[in-house]
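Trainee: Below: one structure in structure tokens.
The values are calculated or read from the model by the stated rules, or taken from the named source; none is laboratory data. Here the structure is a predicted model, which is why all the values come from computation and not from measurement. Ideal geometry is used to build each Cβ from the backbone, glycine not excepted, and the neighbour counts take in all protein chains shown. For the accessible areas, the whole protein counts, side chains as well, though only heavy atoms, and no ligand, DNA or RNA atoms are used. Shrake-Rupley method; radii C 1.70, N 1.55, O 1.52, S 1.80 Å.
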Amino acid sequence: MGFLDTKISEKKDKINFFTDSPISLKKEDFFGIHSQFAEALYQVLRQADISKGAFNIGLYGDWGTGKTTVVNLLLEDIKEANKKQFECVPLYFDVWKFTKEPLKRAILFEMEEQLSGLAQGLSKSEKEFRNHFLEYKYQTSKGIFTLIECLEFEVAHDEEIKLRPEEIENLKEEINRVFRGLRESKYFRPSILFLIFLSLLAFKFPSIFDGLCVVFGTLVSVGIIGYILGILLPGFASILKKFVFKHTLRNLTAHLAFSGEQFGKIFKDMVKKARGENESRKILIVFDNLDRCEKNSVLETLSTIKTYLDFPGCLYIITCDDQALKKHLQTVYGENESQEFSKDFLDKLFQVTFRFPSLVEKDRDAFIGRCIGELGLQLNLESERQVRQILTLAYKGQTPRQIKRFLNDFGLYFIIAKAIESSSDKQTIENKLTHDMGFFSFMMVIKQIWPEFEKKLIEQTDLFHIWQRKMIEEREKLENLLDKEYKDSELYRFLNAILLRIELPKSLSPFIYLKAEAEEEKLYESVTESLWSGDPKYWQELDSENLGSALMKANDLLKGWITNQETIYIQNALKVLLGVDFQEDSIDKIYPLAETIVEGIESLSDGELLALLQGKSGCINMLLKWLQFLRKGVRNQVINRIIDLITYEGKK
């Protein structure tokens with residue numbers, strides 16, 4: 001077996017998946033570099049001159065290198081130092097968390113919450129700080145307000161919108177309809193005439209309407225007027241709904257009750273109260289995960305820091321992938337501004353930048369080993385060593401977060417593989433996916449990092465066998481075997497390091513599909529092994545029920561070898577197919593393979609073809625059976641070539 005041959009422990013496996021949480025204690029810092037960076041930042045924080053304006057620090061690093069971990073360790077240092085003397089107010093702001101909210105509001109609310117938390121934890125000696133932030137209030141010319149009162153929304157109306165011409169016509173029509181309904185009422189005219197009649201009587205004979213007559217006349221008049229209003233009001237309500245309320249509601253808008261200038265004033269007030277009378281006290285604000293945000297959020301954050309937050313006493317740390325940040329800036333300002341503009345923008349923003357270094361290879365390898373142990377696969381020492389070798393080769397130059405992410409996926413695949421093995425009918429060593437943990441790791445790496453290449457393996461399951469043989473027997477470089485898109489790639493480096501040091505399993509299908517081999521897959525594997533080895537035993541024992549499927553697989557394999565000019569495989573396959581005397585009743589099933597066999601014969605040199613024909617008795621007779629399915633011209637061409645070869649050999 002190869003160097004990756006391993007055995008898995010029979011102990012019960014319990015996978016301990018890794019979280020994505022950054023560490024916050026120095027004792028948890030495996031590499032030590034994060035603690036050193038935190039200490040360096042702490043020294044900058046102590047020595048930076050912020051008496052005249054803010055001091056900005058850029059902490060650069062790729063995704064997953066541990067920038068947030070450095071920030072956490074720095075905050076822990078500040079917390080410990082503040083126990084002796086309250087010299088720094090640390091505030092942490094996760095920009096990504098607030099991308100869907102107005103940034104300036106979010107900054108102030110987050111500051112208020114964190115300052116309140118600090119105030120609750122301080123001793124009574126910091127009475128001034130506690131008074132300011134246990135319940136923060138902001139004083140304006142209009143009075144003293146809480147922060148939420150300062151930042152509330154107000155409702156405003158846009159200018160009145162005039163009715164469109166067609167709406168005016170509709171309004172006229174609605175009014176006419178209302179009065180037309182009144183006029184057409186059968187009680188309307190009699191009611192009007194009766195009111196006129198009562199009015200004339202009251203004027204002509206006032207004495208008649210004294211006493212009860214006055215009351216009676218009033219009730220009748222009110223009833224008639226009520227009747228008329230009952231007809232008019234529903235119509236006018238409809239008019240109000242369609243033409244008045246519609247426009248009023250449509251133009252209601254909400255405006256923030258504070259401007260950018262007010263934001264700056266409130267921020268300055270918070271900073272002033274946080275520092276108090278202690279001018280040496282510094283306000284540290286960390287803006288984290290900026291590179292995760294969309295381009296507009298990135299630009300707004302940087303502009304806010306640069307425009308509104310440049311106050312004495314403040315120090316800012318912005319953690320980011322500077323390359324991602326530059327791309328965001330180029331997208332916003334246009335490609336014409338070039339990378340030079342983006343670089344100048346960041347250079348003007350930051351007074352100091354720290355770039356997180358790549359992992360030392362030795363530290364990375366040790367980290368992978370520790371993580372494998374913590375994952376809880378219960379591997380024996382040899383298995384663990386082989387898995388670590390595979391992962392080290394695959395994740396060279398990767399970050400701790402990426403390594404943990406792969407190991408989580410690897411653990412999940414391992415659970416699936418164990419479940420497949422436990423449910424399989426045949427528990428043979430060859431049927432176990434996890435028997436060879438090295439090769440299992442190798443295939444899981446390809447599945448995760450290079451899924452497109454895995455599709456190529458699905459199309460040609462014997463690809464690794466072909467490459468391995470060429471690299472061993474023909475001393476051909478892998479670079480010449482890979483497609484153009486994979487040359488000079490990380491995949492090339494990985495495969496080149498593994499393929500010559502590994503023993504390939506009979507079939508890749510279980511590792512690709514993560515399932516136990518079905519009968520059909522086993523049949524295909526048997527066909528492949530018999531053809532490339534030139535052993536006809538499988539075909540001699542094959543039953544007629546599986547013959548059709550086996551011949552179809554043989555056809556696919558032979559075509560692939562012809563395309564790749566795999567002469568040895570072609571010779572072995574033809575030796576098998578022309579060396580087995582198929583029964584007459586099965587000849588119809590070999591028709592699809594006939595043309596491919598002829599193509600294989602044509603790809604051989606005269607010497608190779610002659611060696612094939614002379615190596616097996618009855619080979620020519622079987623070839624004639626295959627040829628009967630082809631066109632006469634093709635058939636005669638092959639027969640004539642064989643006759644010429646035999647004749648020439650006989651003369652010699």
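Trainee: Would you kindly state how much longer the chain becomes between E173 and K484 on full extension, computed as 0.36 nm times their sequence separation minus their alpha carbon distance, in nm to one decimal?
Mentor: So the chain would gain 104.4 nm between E173 and K484.
Trainee: With r defined as the distance between the Cβ atoms of S116 and E80 and R0 fixed at 25 Å, what FRET efficiency is calculated, to the nearest 0.05?
Mentor: E(calc), rounded to 0.05, equals 0.70.
Trainee: For the stretch 348-442, what does the accessible surface come to per residue with a 1.4 Å probe? Please give it in Å².
Mentor: That works out to 46 Å² per residue.
Trainee: Subtracting the Cα-Cα distance from 0.36 nm times the residue separation, let me have the gained length for K26 to E452 in nm, one decimal.
Mentor: Between K26 and E452, full extension yields an extra 149.3 nm.
Trainee: With the calculation restricted to Cα positions, what are the radius of gyration and Dmax of the stretch 283-400 in angstrom?
Mentor: 20.3, 60
Trainee: Taking the Cα atoms of the stretch 360-416, what is the range of coordinates along each of the three principal axes, in descending order and whole Å?
Mentor: Ordered largest first, the stretch 360-416 gives principal extents of 31, 22, 17 Å.
Trainee: May I ask you to give the solvent-accessible area per residue for the stretch 29-133, in square angstrom, as obtained with a 1.4 angstrom probe?
Mentor: 49 Å²
Trainee: How high is the FRET efficiency between W63 and A40 when r is their beta carbon distance and R₀ equals 25 Å, given to the nearest 0.05?
Mentor: The formula returns an efficiency of 0.70 here.
Trainee: Points 7 angstrom from Cα along the Cβ direction at D347 and L504: gap in nanometres?
Mentor: Each label point is offset 7 Å from its Cα along the Cβ direction, giving 5.3 nm.
Trainee: On to the next question. Which of the pairs K52/K127; K52/K272; K418/K506 have their Cα atoms more than 25 Å apart in this structure?
Mentor: Over 25 Å apart, Cα to Cα: K52/K127.
Trainee: Now for a different question. Could you check how much of the accessible area of the stretch 371-467 is carbon and sulfur, as a whole percent, using a 1.4 Å probe?
Mentor: Carbon and sulfur atoms account for 51 percent of the accessible area of the stretch 371-467.
Trainee: With labels modelled as points extended 7 Å from the Cα through the Cβ direction, what inter-label distance (nm, one decimal) is found for R641 paired with S358?
Mentor: A separation of 5.2 nm, rounded to one decimal place.
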